[in-house]
Amino acid sequence: MFRRTWGLAKSSMTVIRLDRELLVLPVLNAVAAVIFALLLWLVASGLGVDFSGNSDSDGGIGIIVLVVFALIGMNVINTFFKGALVAGAHERFTGGDPTIGSSLSGASARLHRLVPWALMATTVGIILSIVERQGGQFGRIARGMFDMAWGVITFLIVPVVMFDDLGPIAGLKRSGQLLRTSWGENLTAQVGFGLFSFALAIPGILLVVLGSSSGIWALIVIGVLAVMFAAVVSAALNGIFQTALYLYVTTGETPAGFGEQQLTASFNQK
């Protein structure tokens, strides 16, 4: 599995070498998320929301509303920048030369599709969290199983809602149809990318641990930066692969840089 994932990652890296601007998009995603969190905290503090945990029922309701709003905002931000990454990769695969501006414009043009999907995904996440809390051990098991199935069904949801111009429900059905006959192979690819992402982060994690044990702050800083860089690269590789897979299963054509055998290993057309 790791060998297959390494091949897919190398093919995705081909796109990154041509368009290093795509690496900037996950960074902008993180920056936007931090700015949103700070603004939300400032607004909540200005409104007198008590974060101490000793608030009355009104304060408790305020915190719940704040958390829900934060989840929605973060999901919208993450979905938008994922859409921008997918738009940039799609532009490269279809013969264009993407820039940060063109990628962001591509996502902006489909904002009316990306935002509803982000809202739907947030709603599902909140419902699952409630089920997990109320269900105890059974709830945690059910949540884990649903998360696994949800990840497979929604693997192509961002390119689907963007390029098929579909709403969240129709896009969910379409994404499920594309991957219905190959959920096992697709799940293997997702697990492989997860392991690959973790492998990229290991050097940074080791530096953080070493710095923490020795008290050398420079090692901690370098380690954190290395982990952040691994997260950026992993996000870019995953978005590029999803776009390549979407194009292959919808057009039957292999995107430049990918081998047909690589893609058929992740999606077995029948």
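A few comments on the model shown:
- Ordering Trp150, Trp41 by accessible surface, largest first, gives Trp41, Trp150; the 1.4 Å probe counts only protein heavy atoms, with every chain in place.
- With all protein chains kept in place, the per residue accessible area of the stretch 126-174 amounts to 57 square angstrom at a probe of 1.4 angstrom.
- Counting only heavy atoms of the protein chains and using a 1.4 Å probe, Glu91 has close to 50 Å² of accessible surface.
- Order of exposure, largest accessible area first, which applies to Ile130, Ile72, Ile240 with probe 1.4 Å: Ile130, Ile72, Ile240
The values are calculated or read from the model by the stated rules, or taken from the named source; none is laboratory data. This structure is a prediction, so every number in the text was calculated from the model and none was measured. What goes into the accessible areas is simple: the full protein's heavy atoms, side chains included, and nothing from ligands, DNA or RNA. Shrake-Rupley method; radii C 1.70, N 1.55, O 1.52, S 1.80 Å.
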